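Beneath this line is the structure, given in structure tokens, with notes to follow.
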Amino acid sequence: MSQKVTVSVIKADIGSVVGHSRPHPSMMEKCREVLAEGRACGLLQDFYVTRVGDDINLLMSHYKGENCSDIHKLAWDAFSEATKLAKKMKLYAAGQDILCDAFSGNIKGAGPGTAEIEFEERGSEPMLFFMADKTEPSAYSLPLSRVFLDPFTTTGLVIDPRAKKGFDVEIHDVVDSKKVVMSSPDETYDILSLLGDTTRYAIKRIESRVGLGTACVVSTDKLNITAGKYVGKDDPVCICRAQSGLPAVGEYLQPYMNTMLVAGWMRGSHYGAFYPCAVEDSDPTYFDGPPRICCIGFQLNEGRFQGLEPMDSAPGDHTPIDFFAGQVWDEVRTESVKACKMIRGHGPFMPAILSPDEMEYTTRPAVLQQLTPRFQDL
Ligand code: F6R
Ligand code: MG
Ligand code: MG
């Protein structure tokens with residue numbers, strides 16, 4: 001058994017009430033039941049079940065390390081049981097992210113998204129969980145670049161002696177399944193030259209360069225490639241550790257004050273502006289979005305999540321801080337809707353739609369095939 005604590009977030013879209021809006025409360029309850037059994041048998045230290053839009057997110061803490069088959073199976077069982085309910089209720093896209101008939105050792109490649117982070121719990125351990133709906137993993141590349149590479153966002157990079165030493169950034173090529181680790185600040189411009197191509201590169205993991213361990217991890221399972229065909233967007237999560245030599249909570253949040261366009265809303269084929277909001281406000285309400293970004297926070301206490309609930313409350317029974325709930329984010333929400341309206345004005349034209357290779361839905365090959373005999377040389 002590892003001494004280090006592991007926090008795993010495993011998420012899936014397994015069916016919604018009214019199109020792709022929101023999992024039914026009974027599905028969330030079923031996930032809680034299954035994870036409570038996992039806690040009762042000693043597998044988990046603690047858990048919290050939440051959601052963003054139509055995605056159920058299972059937050060789990062344990063001492064079993066990353067990629068633990070038993071932990072992945074527990075999440076798989078929770079999603080499978082909740083899928084049964086979704087199917088009974090004839091909910092939309094019931095079981096969408098359950099791509100295999102049976103669990104075979106690791107949940108990666110089986111449909112759900114995963115982000116896991118193993119570390120030595122510090123004297124005090126503030127954690128943030130970003131959860132996005134209707135977008136893809138590279139949506140985090142811009143905000144995380146601002147947090148870890150940009151001193152005009154993170155003043156800590158200038159005035160905190162440990163943060164100033166920089167960070168190692170693991171970048172994934174999600175198309176070719178390759179990875180490279182690059183260091184900031186030395187290679188900042190080269191890092192950005194890759195990450196700017198959001199169709200291919202995404203940040204997977206960022207490590208402290210002064211031995212504080214992993215600062216953040218993103219789920220990068222690209223579902224369309226996993227399944228060989230598109231079956232659902234990634235709707236990625238990002239786990240972050242904050243403070244004391246790592247970016248402060250507020251530094252992690254700051255980039256979301258900028259209105260950012262991300263890929264993936266409506267039929268996985270459009271650009272839309274990130275809309276930071278409370279979990280409760282994360283149902284898609286305008287053209288399948290706007291793409292939601294939520295952020296909840298806990299303190300970790302000996303492997304258990306501590307929110308605003310009493311210290312002795314039951315495992316799983318938590319009240320996190322919901323960072324994007326407050327009025328301070330109203331302004332960016334208004335701007336996001338304005339940006340979405342503007343880009344929607346382009347209808348089915350680029351740049352409102354993604355590049356042809358990235359479109360989840362397309363009729364173009366069939367249209368072109370039909371037109372082949374009618375095309376003439378210029
Ligand atoms: C959201 C999502 C939607 C669908 C769209 C069309 O998670 O997937 O944008 O792509 O609602 O769905 P279908 O083709 O099932 O009617
Ligand atoms: Mg969906
Ligand atoms: Mg979703």
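The values are calculated or read from the model by the stated rules, or taken from the named source; none is laboratory data. Just so you know, these numbers come straight off a predicted model, no measurement behind them. Every residue, glycine among them, receives a Cβ derived from its backbone with ideal geometry; neighbour counts consider all protein chains shown.
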* Structure fact -> Exactly one of Glu331, Glu358 is touching a Ser or Thr at 6+ places or on another chain (Cβ under 6 Å) and either of a type outside the set (Lys, Arg) or closer than 30 Å to Asp46 by Cα (or both), and that one is Glu358
* **Filtered residues of segment 23-49 (kept if in a strand (DSSP E or B) and crowded, with 24+ Cβ neighbours inside 10 Å)** => Asp46, Phe47, Val49
* Exactly one condition in (1) without any contact (Cβ under 8 Å) to a residue 60 or more places away in the chain; (2) more than 16 Å from ligand 2 (Cβ to nearest atom); (3) more than 20 Å from the chain's Cα centre (by Cα) is not met by Glu280; state its number. => (3)
* **Top-ranked residue in segment 1-20 [being over 22 Å from Gly316 (Cβ atoms) and not in a loop (DSSP other than H, G, I, E, B); ranked as farthest from ligand 2 (Cβ to nearest atom)]** => Val17
* Name the pairs: first residue in segment 39-64 and within 17 Å of Asp317 (Cα to Cα), second residue among the hydroxyl-bearing types (Ser, Thr, Tyr) and within 16 Å of ligand 3 (Cβ to nearest atom), Cβ to Cβ under 9 Å, at least 6 apart or on different chains? -> Arg51/Ser282; Ile56/Thr50; Asn57/Thr50; Leu58/Thr50; Leu59/Thr50
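Yes or no, residue by residue, for (1) among the hydrophobic types (A, V, I, L, M, F, W, C); (2) within 16 Å of ligand 2 (Cβ to nearest atom); (3) out of contact with any strand residue (DSSP E or B) (no Cβ under 8 Å at 6 or more places or on another chain); (4) in contact (Cβ under 8 Å) with a residue 24 or more places away in the chain:
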{"position": "Ser313", "(1), (2), (3), (4)": "no, no, yes, no"}
{"position": "His318", "(1), (2), (3), (4)": "no, no, no, yes"}
{"position": "Phe324", "(1), (2), (3), (4)": "yes, no, no, yes"}
{"position": "Trp329", "(1), (2), (3), (4)": "yes, no, no, yes"}
* Count of segment 53-107 residues which are at pLDDT below 95, within 16 Å of ligand 2 (Cβ to nearest atom) and either of a type in the set (Asp, Glu) or in a helix (DSSP H, G or I) (or both) -> 1
* Asked: Which pairs have Cβ atoms under 6 Å, sit 6 or more apart or on different chains, and link a residue in segment 130-152 that is under 17 Å from Gly289 (Cα atoms) and away from ligand 2 (no atom under 16 Å from the Cβ) to one that is among the polar types (S, T, N, Q) and assigned to a helix (DSSP H, G or I)?
  -> none
